[in-house]
Amino acid sequence: MFLRIDQLPVQLPRSTKIDPESAAAVQELLGGRFGEMSTFNNYFTQSMNLRGKKKLGAYYELVANIAAEELGHIELVSASINSLLNGPDSDTEDGTESDVTSTTIADLTKDVNQYNPHHFIASGRTALPVNANGAPWTGDYVFSSGNLILDLLHNFFLENAARTNKLRVYQMTKDPAAREMLGYLFVRGGVHALAYGKALETLTGVKMKDMLPIPSIGSEVFPESKKYMDIASHTKLYRNSPNDYRQMDALWNGDHPDGGTCVVVDGPPEHGAPHADLIGIGSAFTPDYHPAEIFEMAQQLYKKAKS
C-alpha cells in the first residue's frame with residue numbers, strides 16, 4: 001500500500017514565461033523509455049514479482065523503496081511541465097472574461113519551432129504520459145526477468161541512461177522550474193544508480209561504483225544540484241514507510257564516493273514543498289468555461305462539510 005503526502009519533493013520556482021518548446025522536451029523525462037514513468041514501473045513491477053522477499057529482504061526493500069520515491073519524481077517532472085505550459089500567474093487568465101472565439105493557442109505557439117499540440121488540445125496545458133515526440137508511454141519499457149542480478153543490472157543501466165537524457169534536456173532549456181527539477185533529479189538519480197551498484201557488488205564482487213558517474217561529469221558542476229549535495233541529499237536513501245523496510249541499511253552504508261556517509265533516512269524527503277496552484281483557463285475549458293463558478297461551488301461544498 002502507498003501513503004501519499006500532498007507535497008512535491010522540492011520547491012520549484014515558477015517559469016518566467018510560457019515555454020511549449022521546453023515542455024515538449026521535458027516530456028521525454030516523464031513518458032520516454034528512460035523517463036520517470038519507466039523507472040517507477042520497472043522497480044514497482046520487480047518488487048511485486050520478486051520471489052523470496054523475506055530471504056532477500058535488503059534487495060527487495062531497496063527496489064521497493066526506490067520505486068516509491070520514483071512516484072514522487074513522476075509528480076515533480078509533471079509539475080515542471082505544467083509550469084512551462086502555464087508560466088507565471090500573471091500570464092494565465094482566470095476565465096471570467098474569456099473569449100472563446102479568439103486564437104489563444106495560436107498566439108502562444110506562433111513563434112515556437114517545436115511543441116506538442118496535445119498539450120493544448122488534449123490536456124488543457126498540462127503534462128501527459130508521453131515522450132518528447134508525443135508517443136504514449138508503454139509497458140514494453142518494463143523489464144522484470146525474475147533474475148535478481150539481471151534486474152539490478154538493468155536498473156543500474158536504466159538510471160544512467162535516464163541521467164544522460166536529463167543532462168541533454170538541461171542543455172535544451174534555461175527555464176528555472178525545469179532546471180531546478182533536473183538539478184534535484186541528477187542528485188537523486190545518482191543515489192539510485194549507486195544503490196543498485198552497491199547491491200550488485202555484494203552479489204557479484206564487481207565494483208560497479210567505479211563506473212560512476214555516467215556520463216563522466218559530476219552533479220556538483222550544476223548549481224541546481226550542488227545545493228542539494230551541500231545538504232547531503234546525495235548520501236540519503238529514504239525509507240518510505242512508518243514501520244516497514246528495516247534491512248536496507250545492509251546495502252546502503254559506508255563512504256559515499258562524492259563525500260559523506262551513506263545513510264538510510266526514515267520518512268520522505270525533508271524539503272517537501274506545496275504544489276503550484278494553477279489558475280483556471282476559461283478559453284481552454286479547464287476546469288470549465290467559467291472557472292470562477294466551479295471554484296465557487298467547491299468552496300460551498302467545503303463550507304457545508306465544515307458546518
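Read-outs: derived from the displayed coordinates by stated rules, not from any lab. Everything numeric in this text was worked out from a predicted model, so none of it was measured. Positions of Cβ are backbone-derived with ideal geometry, glycine not excepted, and every protein chain shown enters the neighbour counts.
Observations on the structure shown:
- In this simple spin-label model, placing a label point 7 Å from the Cα along the Cα-to-Cβ direction at both residue 285 and residue 307 gives a separation of 3.3 nm.
- Sorting 244, 6 by the number of Cβ atoms found within 10 Å of their own Cβ, with the fewest placed first, yields 6, 244.
- Cα-based helix-to-principal-axis angle, 36-49 vs the chain, degrees rounded to 10: 50 degrees
- Over 25 Å between alpha carbons, listed pairs 53/236; 53/227; 110/226; 17/303: 53/227; 110/226; 17/303
- Between residue 99 and residue 299, the C-beta separation translates, for a Förster distance of 22 Å, into a calculated FRET efficiency of about 0.30.
- Contact order relative to length of segment 151-202, as percent, for alpha carbon pairs under 8 angstrom and 6 or more apart: 60 percent
- Separation in nanometres of the label points that stand 7 Å from Cα toward Cβ, at residue 265 and residue 121: 4.3 nm
- Per-residue extension of 0.36 nm, minus the Cα-Cα distance of residue 161 and residue 253, leaves a gain of 30.7 nm for this segment.
- The angle between the Cα long axis of helix 148-170 and the longest principal axis of the Cα atoms of the chain comes to about 40 degrees, rounded to the nearest 10.
- Computed from the Cβ-Cβ distance with R0 of 30 Å, the FRET efficiency linking residue 140 to residue 48 stands at 0.95.
- Computed FRET value (nearest 0.05) for residue 220 with residue 106, which takes r as the C-beta separation and R₀ as 45 Å: 0.55
- Degrees between helix 176-204 axis and first principal axis of the chain (Cα, 0 to 90, nearest 10): 20 degrees
- Taking other C-beta atoms within 10 angstrom as a stand-in for reagent exposure, 143, 186, 2 fall in the order 2, 143, 186, fewest first.
- Cα centroid separation - segment 188-218 against segment 116-176, whole Å: 20 Å
- Full-extension gain in nm, residue 211 to residue 17, via 0.36 nm per residue minus C-alpha separation: 66.0 nm
- Scalar couplings 3J(HN,Hα) for segment 64-80, obtained by applying the Karplus form with A = 6.51, B = -1.76, C = 1.60 to θ = phi - 60°, are 5, 6, 5, 4, 4, 5, 5, 4, x, 6, 4, 5, 5, 5, 4, 5, 5 Hz; x denotes Gly and Pro.
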